[in-house]
Structure formats: structure tokens, C-alpha cells
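FYI, it's all coordinate maths here, none of it is from the lab. These numbers were taken from a predicted model, which means no experiment stands behind them. Here the Cβ positions follow ideal geometry from the backbone for every residue, glycine too, while neighbour counts run over all protein chains shown.
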Amino acid sequence: MKKRNKKKRILSILCVVCLLAMALPARAAEQYGTVTESGGKADVRIDHEALADKMVALLFYNEEGSVDQMEERYIGYIDQGTADETGKLDFSGIPLPQPETGSVTYGVYIGAEGIERTKLDEITLTAGSPEGEPGDMNGDGTITAVDALLALRAVNAGPTDEQFQAGNVNGDDSLDVDDVLLILKAAAGEPILQ
Ligand SMILES: [Ca+2]
Ligand SMILES: [Ca+2]
């Protein structure tokens with residue numbers, strides 16, 4: 001009986017994972033790197049062989065403006081660095097201007113010699129506590145299936161401190177599938193019990 005329950009549980013988790021995978025937007029054909037944001041700071045990890053040994057420019061641009069205009073008031077952050085011989089380059093702990101009210105979305109762009117300006121991702125910053133709600137893994141102020149997927153990835157990869165803080169919604173001493181399921185329930189509108 002116990003064994004059977006376990007099997008059922010694994011099956012239900014698999015279903016959840018399939019649903020989440022469908023809920024995610026398709027990835028760009030060329031993925032030059034990834035962007036993560038936590039507590040008002042962003043990390044950008046560049047990793048693409050086409051960028052090997054190249055100077056890479058990084059830009060966070062407020063999506064209210066047009067990035068083609070490059071108006072200074074819309075620039076959230078700008079930096080550059082040189083990728084290593086395999087095309088890796090990290091920008092970490094980038095401070096982002098927190099909005100006083102509402103929320104603001106930044107497109108994260110990179111450019112390099114021979115590479116057209118490319119949008120890696122976008123991040124939305126919401127006014128209010130940088131801590132965010134329990135379960136809000138990407139800190140965008142709402143809990144959705146994407147947060148459950150991010151929590152699941154953190155379970156598999158081993159969570160960072162920030163991921164543990166945000167994702168361990170049942171407050172015990174581990175981030176695991178129980179938390180993922182609670183976040184998924186929260187995404188469906190059920191309150192998360194602390
Ligand atoms: Ca979220
Ligand atoms: Ca937990």
C-alpha cells in the first residue's frame with residue numbers, strides 16, 4: 001500500500017512538471033546567457049562560444065522606452081567585460097533601481113562585436129519589500145506556475161540561500177517537492193500555510 005502511494009505521488013509530480021514545461025515560453029534560438037534576480041540584485045551569466053574572448057556590453061533598459069533610442073532615463077544599468085576563451089562571463093550582484101511605486105520591467109540586452117544586440121531576458125521589479133512573498137521565486141510579486149518550476153529546478157540543482165528563503169514555504173529545514181506542490185497550489189489560488 002505504501003509503495004503504491006509513493007508511485008502515485010511520483011506520477012502526480014511528473015504531471016506537474018509536464019504542465020509547467022508547457023506553461024513556459026519557448027526559448028530563443030540563441031541563448032547567450034541567463035539572468036537571475038533576487039532581492040533587488042541581478043546576476044547575469046554569459047555562456048556562449050560565439051562570445052569567446054570578446055568584449056561584451058550589458059544593458060538593462062526600462063521597457064517603457066525604446067531600446068533603439070537609448071535614452072539615459074531608461075537605462076537601469078550598463079557595464080561591459082571580456083568573456084573568457086570559452087565564452088563565459090559573469091556579471092554578479094548588479095544593483096537595480098527599485099521602483100517607488102508599481103513595477104518596472106527591464107529588458108536585459110547584450111551586444112558584442114559581430115553579434116547583434118540580443119535580449120537575454122526581462123526582469124520585473126516591484127515596489128515594496130525586497131523579501132517578496134513566500135513562494136515568489138522570481139520576485140515578480142505574484143505566484144505562478146513559473147515559481148513552482150523554479151522551485152523544482154532549485155530542488156534538483158540544490159538551492160542558493162535566496163532560493164531556499166523564497167522556496168521553503170512550509171518553513172521546515174529543506175526545500176523539496178512538498179514546497180513545490182504548495183507553491184503550485186498557491187499559483188492556483190490556494191493560500192500557502194506557513
Ligand atoms: Ca513569481
Ligand atoms: Ca520545506
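For this structure, a couple of remarks:
- Extension gain (nm, one decimal) between Asp79 and Phe164, 0.36 nm per residue minus Cα-Cα: 27.7 nm
- Cross-link partners for Lys88 among the aspartates and glutamates, with Cα-Cα distance under 16 Å and sequence neighbours closer than 8 places in the same chain left out: Glu30, Asp43, Asp47, Glu49, Asp53, Asp79, Glu113.
- Quarter of the Cα convex hull surface for segment 131-194, i.e. its orientation-mean projected area (nm²): 3.6 nm²
- Subtracting the Cα-Cα distance of Asp172 and Ala127 from 0.36 nm times their residue separation leaves 13.4 nm of extension gain.
- The aspartates and glutamates whose alpha-carbon is closer than 13 Å to the alpha-carbon of Lys185, local same-chain residues fewer than 8 away aside, are Asp136, Asp147.
- Shown in residue order for segment 168-182 are the 3J(HN,Hα) couplings computed by the Karplus curve 6.51 cos²θ - 1.76 cosθ + 1.60 at θ = phi - 60°: 7, 6, 8, x, 8, 9, 9, 9, 8, 5, 4, 5, 4, 5, 5 Hz (x for Gly and Pro).
- Extreme residue, positive dipole direction of segment 131-194, given options Ala188, Ala166, Gly132 (C-beta unit charges): Ala188
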